[in-house]
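Provided herewith is a single structure, encoded as structure tokens, for subsequent inquiry.
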Amino acid sequence: MIRKTTFFSTLILLISFNAFSFQQKGIPEQVDLISKLTGHSAIQGTTVLHDRHALESRKIVAEFLKDQLSEFIDQVEIENYSETGNNVVGTIMATTKTDEWVILGAHFDSVKDSPGANDNASGTALVYSVAKHIADLNTRKYNVKIVFFDEEERGLIGSKAYANKLKEENFNIVSVHTIDQMGWDDDGDRAFELEMPTEELKNHYLQVAKDFGFDFPIHMSKVTSTDHRSFRNVGFNATGLTEEYVNKDTTPHYHKSTDTFETINFEYLKTITDYVKKVFEELLK
């Protein structure tokens, strides 16, 4: 009994140490954001989230994300598309006049009783940091919409509503990029997957990796179960980015109560964030 207690105590300490190590090597703003979205720390005042499933919780998160984006984006709105759904949309205008748009987004909701750290606070944090970088660029040849989608876990409802809105309003869309689950890298190879990219998008991502020395594997997949599908279904050039979902290096905590802040590999998240920043720098030149 004494040996068993000592073993498990040591294991818990080891896990805690590894989690702290990853946090130390991560981007501070991402550590803070994911902490608040997952209930690891209070999101506002004394309010601590259990999950991001119920309408009340999702409204709190939408307001929080709006406030976060408003720190560096002038035009940020909560777009209410139904009685149960609210997308958060930030607009970053091009530095020269154009009617062309690029979309970068991630869903912010979770399933019931899951803190949703990897699914999808990790993707939300990546989009947040890249949005901040885009807003600071001296040159942007395209307008950019930063979108945090609601109700992905209920059937891509938020992204469907937004894709249909863009289609109905005749937006000239260059490309759409969505992020879902980017916080797990058990084998340490820093690999990720591009989901259903067009040849144009595939070539862009691969060229940026080659030109700027990002030497991790980039796999192609045919996964259609997340937000990028909503945009392709209405004819837009879209792709999704995720950890190695098809290649089986993905979180074992998917849709579970154990999908917590402590499970996120912030060092991996930083690596992919830095890469996606460069992808958008090159895209917007």
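Need the full-extension length gain, ASP99 to HIS219, defined as separation in residues times 0.36 nm minus the C-alpha distance. One decimal, nm. Intermediate values should be presented prior to the final figure.
On the way: separation 120, 0.36 × 120 = 43.20 nm, distance 3.22 nm.
Length gained, ASP99 through HIS219: 40.0 nm.
What length, rounded to one decimal in nm, is gained on full extension from GLN24 through to GLN44, with 0.36 nm per residue of separation minus their alpha-carbon distance?
On the way: separation 20, 0.36 × 20 = 7.20 nm, distance 2.35 nm.
Working it through step by step, the gained length comes to 4.8 nm.
Just VAL176, VAL147, VAL234 to compare: in a GNM of the chain, with alpha carbon springs under 10 Å, which one fluctuates most?
VAL234
Per DSSP helix of 4 or more residues, -39500 (n - 2.57); summed, then divided by the residues of the chain. What does that give at 222 nm, rounded to the nearest 500? Walk me through the numbers before you get to the answer.
On the way: 8 runs with 111 residues, N = 285.
Roughly -12500 deg cm²/dmol at 222 nm, from the helical runs in the chain.
Give me the number: length gained by fully extending LYS285 to LEU55, i.e. 0.36 nm times residue separation minus the C-alpha to C-alpha distance, one decimal in nm.
Numbers: separation 230, 0.36 × 230 = 82.80 nm, distance 3.93 nm.
Length gained, LYS285 through LEU55: 78.9 nm.
If you find the alpha carbon centre of segment 112-170 and of segment 205-247, how far apart are they in angstrom?
Taking the Cα centre of segment 205-247 as reference, the centre of segment 112-170 is 15 Å away.
Here is a follow-up. If you take the charge dipole of the chain about its Cα centre, with +1 on Lys and Arg Cβ and -1 on Asp and Glu Cβ, which of ASN170, VAL279, PHE192 is farthest toward its positive end?
About the Cα centre, the residue reaching furthest to the positive side is PHE192.
Once the other residues with Cβ under 14 Å from the Cβ of ALA131 are scored (Lys, Arg +1; Asp, Glu -1), what is the net sum? Working shown, then result.
On the way: positive: LYS66, LYS132, ARG140, LYS145, LYS277; negative: GLU29, ASP67, GLU71, ASP74, ASP136, GLU281.
So the surrounding residues net to -1.
Which pairs in the list LYS141/LYS270; LYS66/LYS112; LYS66/LYS132 are over 21 Å apart, alpha-carbon to alpha-carbon? Present the calculation step by step, with values, prior to reporting the outcome.
Values: LYS141/LYS270 26 Å; LYS66/LYS112 23 Å; LYS66/LYS132 13 Å.
Check vs 21 Å cut-off fails for LYS141/LYS270; LYS66/LYS112.
With each label point set 7 Å from Cα along the Cα-Cβ vector, what nm distance links LYS165 and TYR254?
About 2.9 nm separates the two model spin labels.
Please work out whether segment 27-284 counts as rounded, prolate or oblate from its C-alpha gyration tensor, where a ≥ b ≥ c are the square roots of the eigenvalues and a/c under 1.5 means rounded, while otherwise a/b larger than b/c means prolate and anything else oblate?
On the way: a/c = 1.40, a/b = 1.10, b/c = 1.27.
Because its axes are fairly even, with a/c under 1.5, segment 27-284 counts as rounded.
Now, a different point. What do you get for GluC sites (Glu not before Pro) in segment 163-235 restricted to DSSP loop and a cutoff of at most 16 other Cβ within 10 Å of the site's Cβ? Don't skip to the end; give the middle numbers.
On the way: sites: GLU168, GLU169, GLU193, GLU195, GLU199, GLU200; in loops: GLU169.
Qualifying residues, ordered by number: GLU169.
Around THR226, with a cut-off of 9 angstrom between Cβ atoms, what is the net charge of the other residues, counting Lys and Arg +1 and Asp and Glu -1? Provide the component values of the computation, followed by the final result.
Numbers: positive: ARG229; negative: GLU152, ASP180, GLU195, ASP227.
That sum, taken over residues with Cβ under 9 Å, equals -3.
OK, next. For the chain, set up a GNM with springs between Cα atoms under 10 Å and report which of GLY26, GLY188, GLY90 has the largest fluctuation.
Greatest mean-square fluctuation among the candidates belongs to GLY188.
Read-outs: derived from the displayed coordinates by stated rules, not from any lab. Note that the coordinates shown come from a computational prediction; the quantities given were computed from them, not determined experimentally. FYI the Cβ positions are ideal-geometry reconstructions off the backbone, even for glycines, and counts take in every protein chain you see.
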